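Engineer: My questions all concern the structure below.
Each reported figure results from applying straightforward, stated rules to the coordinates on display, with no laboratory input. None of these values were measured; they are calculated from a predicted model. Please note: Cβ atoms are built from the backbone with ideal geometry, for glycine as well, and neighbour counts cover all protein chains shown.
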Amino acid sequence: MAPRPSATDTGLAFVDAVARKDGAALVALLGDPVRFRALTPSRSWEESTPEGVRDVVLGTWFSEQRTFTSLLAAHVDADAPVPRLSYRFEVTEPDGVSEVEQVAFFGVAEGRITSLAIICSGFAPKPGGASENQQPE
């Protein structure tokens, strides 16, 4: 029997699935049910199914009009009392290039994320990029 992935492996797999916009991989990483809560600059979000989380993350926050240019940073602190994941992307939008950063606290059981609480910075334009600060919906 193969060992279960660590919290670090699971957290980084989450970032990878988001960066690749791989909805199937994202759903496979999440427990069912999953306790998902998020805070973006314009609203709060709650979901309880892997498909609901996928729809928020890939359907609303990082929709088809936003293309990931690069992963600028990703880090998991698995030694914290609650594992913490932080990641920052460069994103190309119709109005230009922005950066977005998210910090997540998560729980893992049997190799799947069972709870996920995300705080999002919003989309900050890079110099020469977007003309105004874009925020997730």
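Engineer: Along the range 15-22, what does the Karplus equation 6.51 cos²θ - 1.76 cosθ + 1.60 (θ = phi - 60°) give for ³J(HN,Hα), rounded to whole Hz, x for Gly and Pro?
Structural biologist: In residue order, the calculated couplings are 4, 4, 5, 5, 4, 8, 6, 9 Hz.
Engineer: Hey, another quick one. Considering the Cα trace of the range 17-137, what is its radius of gyration and what is Dmax, both in angstroms?
Structural biologist: My reading of the Cα-based Rg and Dmax gives 14.2, 45 Å.
Engineer: Moving on to the next point. Per DSSP H run of n ≥ 4, the term is -39500 (n - 2.57); total these for the chain, divide by its residue number, and report the mean residue ellipticity at 222 nm rounded to 500 deg cm²/dmol.
Structural biologist: About -5000 deg cm²/dmol.
Engineer: With r defined as the distance between the Cβ atoms of Asp77 and Arg43 and R0 fixed at 25 Å, what FRET efficiency is calculated, to the nearest 0.05?
Structural biologist: E(calc), rounded to 0.05, equals 0.40.
Engineer: In the range 1-70, if every C-alpha pair distance is counted and binned at 5 Å from zero, what percent goes to each bin?
Structural biologist: 3, 15, 24, 26, 19, 9, 3, 1, 0
Engineer: Place a +1 charge on the Cβ of each Lys and Arg in the range 7-125 and a -1 charge on the Cβ of each Asp and Glu, then give the dipole magnitude about the Cα centre in debye, rounded to the nearest 20.
Structural biologist: 160 debye
Engineer: Arrange Ile118, Ile113 by Cβ neighbour counts within 10 Å, fewest through most, would you?
Structural biologist: Ascending number of Cβ neighbours within 10 Å: Ile118, Ile113.
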